[in-house]
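Colleague: Sharing a structure below in structure tokens format, with a few things to ask.
Since every read-out is calculated from the coordinates, none of them should be taken as a lab result. Keep in mind it's a predicted model, so treat the numbers as computed, not measured. So basically every Cβ, Gly included, is an ideal-geometry build from the backbone, and we count neighbours across all protein chains shown.
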Amino acid sequence: MSQITVPASKFQRVFDYLGRIGLDVEAIGQSVNLSPQRVASLSSGHTLPAQQYSRLYKEAVLQMQSLGQPLPWASGVGSESFELMCHCMISARTLGEALRLAGRFEKLVYPLTQHNIELTEEGAQARLSYHINFSEQESPLVPQQWDRAGYQETVARASGLLVWHALCGWLVGQPLEALEVRIAAPYLNDDYQQSLFSVFRCPIHFDDDENCLLFSAEQLQRRLVHTVDSLQGFLDNAVYELIAIDRQPASTSAAIKSLISIDLPGGLPSFAAISEHLHMSESSLRRRLQKENTNYQVLKDQVRCQVAIDKLLNEQAKVADLSEFLGFTEPSSFVRSFKAWTGETPKSYREKMQTLASA
């Protein structure tokens, strides 16, 4: 098992974008223990923890909301309206019910967000349309002098579909199996299309008349496997969770990891407790995890790695306290495990990351 990382270039792009729309880049970086200058000095191939990217993105969204403009990217992930919509959806029993509730909610807040979804069924096929009122208008959040200025509409429309595809999979504990993706915006390049295909795993059409995901309607009957408690864990680190789903679309694993995170302060939950919560037999759950090429021990370690990194970097936690919190019998066991996860000891890992927090 290895930690989930993202290229430094993604951090650099966020800081560059925030500067171009007039926000205080230094203050935003400081709030997540990152120096924009230090990050800018890294090579594009350098990688950083995905948790830090998630924290940066969420803080960026909070600051963008202060401009009083609709967020055009990624269906508003990290915004207050996105979080309220998810709380509305989690009360549903099935995916279909959840998407219909989301459609009703987004219709109400459309004047503020300028985007919404619409679910329709045509026989055995379902269509999830993502509508966004996007144009190259004079907007503080759509900078013209930017390296992505020529294809912002494509990113806005495609990123909305990416978020909904991942969110659907997270809700039901299984990847949403798309039949076709249609994007109502221009084709960019082969690399971008391949990055989309690596997630959707189906034909992708650009310059279409509609912006939607097509999938079998029977998937709408899938039960939701999450609760209000596990939803809050998801929202606290939504961008990280979506990155994890994109890297390994194993949403049953995501559900289990959320439940482990909830119970972690009181001890790691048993496999029997997890299977009972997901309304599955232990044997069925094991088979599901085998299909996702993982097991319960791996998932426990992934959660503990994620929590350890976050507390080391953002809460200045001591190794002994972390070891106890994560359920290790002694600090030396935790140190060995952390080195296996990241390739470094907790001390060296924190020291390396602290160099990025000061100019």
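Colleague: Checking the a/c ratio against 1.5 first, then a/b against b/c, what shape does the Cα gyration tensor give for segment 1-126?
Modeller: Because a/c hits 1.5 or more and a/b exceeds b/c, segment 1-126 counts as prolate.
Colleague: While we're looking at this one, here's another question. Say each of Lys352 and Asp236 gets a label point 7 Å from the Cα, pointing the same way as Cα to Cβ; how far apart are those two points in nm?
Modeller: Taking the two extended label points, one gets 2.6 nm.
Colleague: Something else: Once you place label points 7 Å from the Cα toward the Cβ at Glu324 and Leu268, how far apart are they in nm?
Modeller: 1.9
Colleague: While we're on this one: Among residues other than Gly78 whose Cβ falls under 11 Å from its Cβ, what is the net charge (Lys/Arg +1, Asp/Glu -1)?
Modeller: Working: positive: Arg55, Lys58; negative: Glu59, Glu80, Glu83, Asp236.
Spelling it out: positives minus negatives among the neighbours equals -2.
Colleague: So how do Leu84, Leu167 line up by other beta-carbon neighbours within 10 Å, fewest first?
Modeller: Numbers: Leu84 12, Leu167 25.
The order, fewest Cβ neighbours first, is Leu84, Leu167.
Colleague: Here's another thing I want to ask about it. Suppose a student asked you for the relative contact order of segment 250-354, using Cα pairs under 8 Å spaced at least 6 residues apart; what percent would you report? Walk me through the intermediate numbers first.
Modeller: Working: 69 pairs, mean separation 24.4, N = 105.
Result for segment 250-354 is 23 percent.
Colleague: Give the residues of segment 40-58 whose amide nitrogen is closer than 19 Å to a point set 7 Å from the Cα of Ser195 in the direction of its Cβ.
Modeller: Within reach of a label on Ser195, which here means backbone N under 19 Å from a point 7 Å along Cα→Cβ, segment 40-58 contributes 40, 42-58.
Colleague: Additional query: May I have the extent of the alpha carbons of the chain along their three principal axes, as whole Å values ordered from largest to smallest?
Modeller: The principal-axis extents, from largest down, are 59, 53, 36 Å.
Colleague: Among Val307, Val239, Ala74, flag the residue with its Cα farthest along the positive direction of the charge dipole of the chain, charges on Cβ as +1 for Lys/Arg and -1 for Asp/Glu.
Modeller: Val307
Colleague: So how much slack lies between Gln65 and Glu180, counting 0.36 nm per residue of separation and subtracting their Cα-Cα distance, in nm? Don't skip to the answer; put the middle values down first.
Modeller: Working: separation 115, 0.36 × 115 = 41.40 nm, distance 3.28 nm.
Working it through step by step, the gained length comes to 38.1 nm.
Colleague: What FRET efficiency, computed as 1/(1 + (r/R0)^6) with R0 = 45 Å and r the Cβ-Cβ distance, is obtained for Gln297 and Leu42, rounded to the nearest 0.05?
Modeller: 0.85
Colleague: Give the long-range amide H neighbours of His205: residues separated by 5 or more places, or on another chain, with amide H under 5 Å away, using H modelled in the peptide plane at 1.01 Å from N.
Modeller: Those lying under 5 Å, H to H, from His205 are Val181, Arg182, Ile183.
Colleague: How high is the relative contact order of segment 68-221? Use alpha-carbon pairs under 8 Å, at least six apart in sequence, and give a whole percent.
Modeller: 26
Colleague: Treating cross-link reach as a plain straight distance, find the aspartates and glutamates whose alpha-carbon is under 15 Å from the alpha-carbon of Lys352, omitting any fewer than eight places away in the same chain.
Modeller: Asp310, Glu344
Colleague: Over the chain, what relative contact order in percent results from Cα pairs under 8 Å that are six or more residues apart? Working shown, then result.
Modeller: On the way: 531 pairs, mean separation 69.5, N = 359.
It rounds to 19 percent for the chain.
Colleague: While we're looking at this one, here's another question. Could you sort out which of Lys257/Lys347; Lys311/Lys339; Lys300/Lys339; Lys58/Lys347; Lys107/Lys257; Lys257/Lys318 sit more than 20 Å apart by Cα distance in this structure?
Modeller: Lys257/Lys347; Lys58/Lys347; Lys107/Lys257; Lys257/Lys318
Colleague: Return the FRET efficiency for the residue pair Gln30, Leu112: r is the Cβ-Cβ distance, R0 is 25 Å, and the value is rounded to the nearest 0.05.
Modeller: Working: r = 29 Å, r/R0 = 1.16.
Result of the calculation: an efficiency of 0.30.
Colleague: Can you find, among Val6, Ala98, Val25, the residue farthest towards the positive end of the dipole of the chain? Put +1 on the C-beta of Lys and Arg, -1 on that of Asp and Glu.
Modeller: So the residue we want is Val6.
Colleague: Using a ≥ b ≥ c from the Cα gyration tensor of segment 68-221 (square roots of the eigenvalues), is it rounded, prolate or oblate, where a/c under 1.5 gives rounded and otherwise the larger of a/b and b/c decides, a/b for prolate?
Modeller: oblate
Colleague: Calculated from DSSP H runs of 4 or more alone, at -39500 (n - 2.57) each and per residue, what is the 222 nm mean residue ellipticity of the chain, nearest 500?
Modeller: So the helix-based figure for the chain works out to -17000 deg cm²/dmol.
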